[in-house]
1. Taking into account only those residues within region A:107-116 that are surrounded by 15 or more Cβ atoms within 10 Å (Cβ to Cβ) and touching a helix residue (DSSP H, G or I) at 6+ places or on another chain (Cβ under 9 Å), which is farthest from the other protein chains (Cβ to nearest Cβ)?
2. With a cut-off of at least 1 residues that are within 23 Å of A:Thr2 (Cβ to Cβ) and within 14 Å of another protein chain (Cβ to nearest Cβ), name the strands (runs of 3 or more DSSP E) lying wholly within region B:47-113.
3. For region B:20-31, name all the residues that are over 12 Å from the mean Cα position of the chain (by Cα) and crowded, with 17+ Cβ neighbours inside 10 Å.
4. Of everything in region A:68-106, what is surrounded by 14 or more Cβ atoms within 10 Å (Cβ to Cβ), more than 9 Å from every other protein chain (Cβ to nearest Cβ) and acidic (Asp, Glu)? Give them in sequence order.
5. Would region B:82-94 turn up any residue that is over 30 Å from A:Arg9 (Cβ atoms) and surrounded by 13 or more Cβ atoms within 10 Å (Cβ to Cβ)?
6. Taking the conditions exactly as written (β-branched (Val, Ile, Thr), in a loop (DSSP other than H, G, I, E, B) and either open to solvent by 30 Å² or more (accessible area, probe 1.4 Å) or within 13 Å of another protein chain (Cβ to nearest Cβ) (or both)), does A:Thr55 satisfy them or not?
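The values are calculated or read from the model by the stated rules, or taken from the named source; none is laboratory data. Predicted model only: the values in this text are computed from it and were never measured. Positions of Cβ are backbone-derived with ideal geometry, glycine not excepted, and every protein chain shown enters the neighbour counts. These area figures cover heavy atoms from the full protein model, side chains too; ligands, DNA and RNA do not enter into them. Shrake-Rupley method; radii C 1.70, N 1.55, O 1.52, S 1.80 Å.
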Amino acid sequence: ETGVTQTPRHLVMGMTNKKSLKCEQHLGHNAMYWYKQSAKKPLELMFVYNFKEQTENNSVPSRFSPECPNSSHLFLHLHTLQPEDSALYLCASSQDSQRVSYNEQFFGPGTRLTVL
Amino acid sequence: AQSVSQHNHHVILSEAASLELGCNYSYGGTVNLFWYVQYPGQHLQLLLKYFSGDPLVKGIKGFEAEFIKSKFSFNLRKPSVQWSDTAEYFCAVRSGGYNKLIFGAGTRLAVHP
C-alpha cells in the first residue's frame, strides 16, 4: 500500500456513458497527478494539480475532465469516450509539484477502463 | 522533445540468470533518472533513482543501475534474477520542469523457475 487509493479498480463503459474515477491520498501531499497507461506505450502524464490548482494539462481531450476539490482527492470525469481511451488510469501524489527539488511521486493501483 | 527509450518490450529469463534492461534518454541538460517496477496487479513503485554523485546506483531487492552520461543511458542490472522479479519495469527521466516525469514504454520481464 502506498497511501494512494483508486476506485473503482475496473470499469466498463459505453461510449455514451458518463462515469468518474476517484483517487484519494492519505499522505498529506499537496500535488496530485493523472497518468494514462496504454499497452506498449509510455505512461502519459495527463493532468497535474498543486494545492488544488491545475498546473498542467498535457493536451488532453475535453472528454476527460479533472476535478480536485481538495489536496486529498482527485477525480477524473469521463464522458463520450472512445474505444481507444481504454487503458489503465493511474493516480499519483507528491509533496509539491512546483518545487525545484524533486519529491517522490507515489502511485495508486490504477483503474482499468474499458470503453465499448 | 524529451523522450525515453527502452530497448526491449519483453524479456524472458530463467532464475539465476543475469539481467540488464536498457534505457536511453534524449536530453542534453541535467537529468534525474529513475527506475520503477510494477508487479502484477500492484502499483508502480520506485526501484532506484539517480540525482548526482556516484553513477552506480543501488536500489532495493538487489537491483542497480549505471548512469553513463556520454551514452545518455541508465541501464538496470541484477546479477541473479528470481521468479519474484517477474514484473514490468519502467525507466523515467525528470528534466527541467519540477516534478514532471517522462516515462519509457516499459519492459515486461518474465522469470521462469
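1. Applying the filter and picking the extreme gives A:Val115.
2. The qualifying strands (runs of 3 or more DSSP E) are B:87-95, B:101-103, B:107-112.
3. Once the filter is applied, which keeps residues that are over 12 Å from the mean Cα position of the chain (by Cα) and crowded, with 17+ Cβ neighbours inside 10 Å, region B:20-31 yields only B:Val31.
4. Answer for region A:68-106, where residues must be surrounded by 14 or more Cβ atoms within 10 Å (Cβ to Cβ), more than 9 Å from every other protein chain (Cβ to nearest Cβ) and acidic (Asp, Glu): just A:Asp85.
5. Looking through region B:82-94, none of the residues is over 30 Å from A:Arg9 (Cβ atoms) and surrounded by 13 or more Cβ atoms within 10 Å (Cβ to Cβ).
6. So A:Thr55 does not fit the description; no.
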